[in-house]
Amino acid sequence: MTNVLLKTDEEIELMRLSNLLVSKTHAVLVPYMKPGTSTLTLDKIAEQFIRDNGGVPGFLGYNNFPNTLCISINKQVVHGIPSGNLLCEGDIVSVDCGVVMNGFYGDSAYTFAIGDIRPEYQKLLQVTKECLFKGIENAIVGKRIGDISFAVQQHAETNGFSIVRELVGHGVGRKLHEKPEVPNYGKRGQGPVLKEGMVIAIEPMVNFGKRYVAEGEDGWTINTADGLPSAHFEHTVAVRKGKADILSDFSFIEQILNKPV
Ligand code: MG
Ligand code: MG
């Protein structure tokens with residue numbers, strides 16, 4: 001396992017600050033997560049909030065990505081580009097946000113329901129979030145990446161959903177994407193051993209229908225191949241003995257949401 005950068009406690013505290021700003025940025029968007037808001041409006045609010053709080057948008061300009069947020073609606077899995085498109089009642093909207101502060105990235109995603117959504121889509125959101133936390137339970141010293149991957153995949157598939165394989169979680173630190181890769185599918189006991197001070201972004205992408213994806217015409221957006229919806233939840237976590245330290249925090253979002261996922 002070469003090139004996996006372990007972080008010191010001090011570095012992890014800096015990463016917590018970056019991730020808290022990501023989490024608070026998500027929370028600032030909650031009142032706007034309703035029919036009629038354009039995704040570009042969400043993007044501008046997020047960019048301003050990040051800059052006002054001493055951060056720099058982490059995705060803006062990354063590989064020439066044009067915006068602060070990746071906003072992916074319904075059949076869009078990830079990497080949706082903000083636009084004039086308006087949110088509609090019944091949509092599910094994944095908002096992925098990255099911040100750089102003190103040289104370290106924060107990275108977290110949450111999928112929101114716009115108004116009332118179909119109960120089966122509510123279940124998709126619930127199960128995807130549960131997949132994330134099943135993965136996090138395995139992000140402890142001595143386990144392996146495959147233990148995380150297996151836990152995520154098992155929970156999604158047991159519930160009748162499917163796991164996207166083309167995109168994976170990742171190490172995170174001074175770079176947005178570091179080693180190791182953290183797939184959302186795999187076998188227990190395989191892959192790199194988890195060590196104290198590893199910081200990883202765990203980010204299940206779970207499809208309502210089949211697992212296959214297709215790249216959109218804009219060169220960024222990843223869609224489900226069958227056009228059915230997809231959900232995405234992500235936390236940045238530090239590997240510790242016995243229990244992972246979750247550096248991003250959904251409680252900022254969920255204190256404001258009427259109906260938390
Ligand atoms: Mg992300
Ligand atoms: Mg990520």
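The values are calculated or read from the model by the stated rules, or taken from the named source; none is laboratory data. All values derive from a computational prediction rather than experimental measurement. Virtual Cβ from ideal backbone geometry, glycine too; neighbours counted across all protein chains shown. Just the protein is used for accessible areas: all its heavy atoms, side chains included, with ligands, DNA and RNA removed. Shrake-Rupley method; radii C 1.70, N 1.55, O 1.52, S 1.80 Å.
Just a few scattered comments:
- Residue 54 of a type in the set (Gly, Ala, Ser), in contact with a Ser or Thr (Cβ under 8 Å, 6 or more places away or on another chain) and either surrounded by fewer than 24 Cβ atoms within 10 Å (Cβ to Cβ) or in a loop (DSSP other than H, G, I, E, B) (or both): no
- Long-range neighbours under 8 Å by Cβ, at least six apart or interchain, first residue polar (S, T, N, Q) within the range 192-213, second within 12 Å of ligand 2 (Cβ to nearest atom): none
- Evaluation of residue 160 against (1) touching a residue at least 12 places away in the same chain (Cβ under 8 Å); (2) away from ligand 2 (no atom under 13 Å from the Cβ) (one fails), failing number: (1)
- Within the range 205-228, the set of residues being out of contact with any helix residue (DSSP H, G or I) (no Cβ under 6 Å at 6 or more places or on another chain) and either crowded, with 24+ Cβ neighbours inside 10 Å or of a type in the set (D, E, K, R) (or both) comprises 205, 207, 210, 211, 215, 217, 218, 226.
- Among the residues of the range 63-77, those that are in a loop (DSSP other than H, G, I, E, B) and within 16 Å of ligand 2 (Cβ to nearest atom) comprise 65, 67, 68.
- Test: residue in the range 223-232 that is aliphatic (A, V, I, L, M), in contact with a Phe, Trp or Tyr (Cβ under 6 Å, 6 or more places away or on another chain) and closer than 13 Å to residue 72 by Cβ: no
- Test result for residue 166, of a type in the set (D, E, K, R), within 16 Å of ligand 2 (Cβ to nearest atom), more than 20 Å from residue 15 (Cβ to Cβ) and open to solvent by 60 Å² or more (accessible area, probe 1.4 Å): yes
- Given (1) among the hydrophobic types (A, V, I, L, M, F, W, C); (2) surrounded by fewer than 24 Cβ atoms within 10 Å (Cβ to Cβ); (3) within 16 Å of ligand 1 (Cβ to nearest atom), number of the condition residue 114 does not satisfy: (3)
- Criterion (of a type outside the set (S, T, N, Q), touching a residue at least 24 places away in the same chain (Cβ under 8 Å) and either surrounded by 23 or more Cβ atoms within 10 Å (Cβ to Cβ) or under 17 Å from residue 248 (Cα atoms) (or both)) met by exactly one of 40, 14: 14
- Counting the residues of the range 230-247 that are within 18 Å of residue 155 (Cα to Cα) and away from ligand 2 (no atom under 16 Å from the Cβ) gives 0.
- Inter-residue pairs, beta-carbon under 9 Å, first within 14 Å of ligand 1 (Cβ to nearest atom) and open to solvent by 10 Å² or more (accessible area, probe 1.4 Å) and in the range 230-250, second of a type in the set (S, T, N, Q) and at pLDDT below 95, 6+ apart: none
- Scanning the range 180-212 for residues that are within 16 Å of ligand 2 (Cβ to nearest atom) and either of a type in the set (A, V, I, L, M) or at pLDDT below 95 (or both) gives 182, 198, 199, 200, 201, 202, 205, 206.
- Hits in the range 78-95 - residues which are within 16 Å of ligand 2 (Cβ to nearest atom) and surrounded by fewer than 24 Cβ atoms within 10 Å (Cβ to Cβ): 78, 79
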